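> What follows is a single structure, and I will ask about it in a moment.
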Amino acid sequence: MDELARRQLASIAEVLAVAGAVGIPVWLRGGWAMDFQLGTVTRPHLDVDWYCWRDDADRLADLLLARGWLPDPRMPVESQLDLFAADVEVSFAYLGRDAAGRPTVGAGSWAGTPLPAGMLDAPPGRIGPLTAPTISVAAQIEFKQMYPVWMPERPRRPKDADDLARLRAGPAQADPRRARP
């Protein structure tokens with residue numbers, strides 16, 4: 001594991017501690033969610049992607065900014081919360097709720113769109129001693145498959161195909177020494 005990955009893991013621990021101390025739920029998404037579900041760091045990551053409820057985002061931002069995180073001016077806060085500390089970037093995509101309380105896209109042109117059923121009900125993932133809530137593997141697979149359809153300007157990248165193969169194979173694929181249950 002390289003030094004950036006170590007700093008990203010430390011940022012995950014920090015976000016979990018800060019959010020957990022005040023009862024703000026957060027969930028890893030993207031590459032780090034995959035790695036936590038597989039139990040190992042599978043590849044380098046550019047950033048750490050999270051979900052949080054839109055209603056919690058301002059308070060979460062205030063808490064992290066008070067700890068020295070800085071806003072990333074490249075992304076409007078109305079769309080998602082993007083922060084950085086040194087070379088570690090984190091982003092919080094917003095979750096909303098429909099009338100029945102189910103999660104929806106919380107901001108942007110897709111706001112109100114239902115998200116996959118059970119997405120937030122996954123068991124926590126783990127890398128070493130660090131445990132983190134993640135979106136479900138099924139949701140991760142659906143997102144990786146559908147991004148090029150939903151957003152044609154974002155074609156599937158080679159890492160997306162590799163991630164899909166890892167997610168479908170499960171933990172044994174990530175680390176051959178780990179047996180599947």
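> Do we have any residue at all in the range 45-65 that's in contact (Cβ under 8 Å) with a residue 60 or more places away in the chain, surrounded by fewer than 21 Cβ atoms within 10 Å (Cβ to Cβ) and at negative phi?
No, because not a single residue in the range 45-65 is in contact (Cβ under 8 Å) with a residue 60 or more places away in the chain, surrounded by fewer than 21 Cβ atoms within 10 Å (Cβ to Cβ) and at negative phi.
> Another question about this same structure. Which one of these is in a strand (DSSP E or B) and in contact with a Phe, Trp or Tyr (Cβ under 8 Å, 6 or more places away or on another chain): LEU60, LEU120, LEU83?
LEU83
> Restricting the search to the range 58-92, which residues are of a type in the set (Gly, Ala, Ser) and within 22 Å of LEU4 (Cα to Cα)?
Hits for the range 58-92 are GLY68, ALA85, ALA86, SER91.
> Would you point out the residue of the range 104-123, among those that are touching a Gly at 6+ places or on another chain (Cβ under 7 Å) and not hydrophobic (A, V, I, L, M, F, W, C), that is farthest from SER11 (Cα to Cα)?
Here the answer is GLY112.
> Filter the range 59-101 for residues that are of a type in the set (Asp, Glu) and either closer than 17 Å to GLY112 by Cβ or over 18 Å from the mean Cα position of the chain (by Cα) (or both) and give the result.
ASP62, GLU78, ASP98 - these are the residues of the range 59-101 that are of a type in the set (Asp, Glu) and either closer than 17 Å to GLY112 by Cβ or over 18 Å from the mean Cα position of the chain (by Cα) (or both).
> Between ARG126, ARG154, which is among the basic types (Lys, Arg) and under 20 Å from ILE12 (Cα atoms)?
Checking each option against the conditions leaves just ARG126.
> Next question, about the same structure. Please work out if ALA19 is part of a helix (DSSP H, G or I), touching a Cys at 6+ places or on another chain (Cβ under 9 Å) and more than 14 Å from GLY125 (Cβ to Cβ).
yes
> Does GLN140 qualify as being of a type outside the set (Asp, Glu), assigned to a helix (DSSP H, G or I) and closer than 19 Å to TRP50 by Cβ?
For GLN140, the condition - of a type outside the set (Asp, Glu), assigned to a helix (DSSP H, G or I) and closer than 19 Å to TRP50 by Cβ - is met.
> Sticking with this structure for a sec: ASP98 - would you say it is charged (D, E, K, R), touching a strand residue (DSSP E or B) at 6+ places or on another chain (Cβ under 8 Å) and buried (at least 16 other Cβ atoms within 10 Å of the Cβ)?
no
> While we're looking at this one, here's another question. Which of (1) at pLDDT 90 or above; (2) within 18 Å of TRP32 (Cβ to Cβ) does LYS159 not meet, given it meets every other one?
That leaves (1) as the condition not met.
> Residues of the range 61-74 being farther than 18 Å from GLN8 by Cβ and among the aliphatic types (A, V, I, L, M), which ones?
Result: ALA61, LEU63, LEU65, ALA66.
> Looking only at the range 116-150, which residues are under 23 Å from GLU78 (Cβ atoms) and within 14 Å of the chain's Cα centre (by Cα)?
Listed by number, the residues that qualify are MET119, LEU120, ILE135, PHE143.
> Restricted to the range 144-156, and to residues that are at pLDDT below 80 and in a helix (DSSP H, G or I), which residue is nearest to ASP49 (Cα to Cα)?
Per the criteria, the residue is TYR147.
The values are calculated or read from the model by the stated rules, or taken from the named source; none is laboratory data. This is a predicted model, so every value here is computed, not measured. Quick reminder, even Gly has a Cβ in these numbers, built from the backbone with ideal geometry, and neighbours come from all protein chains shown.
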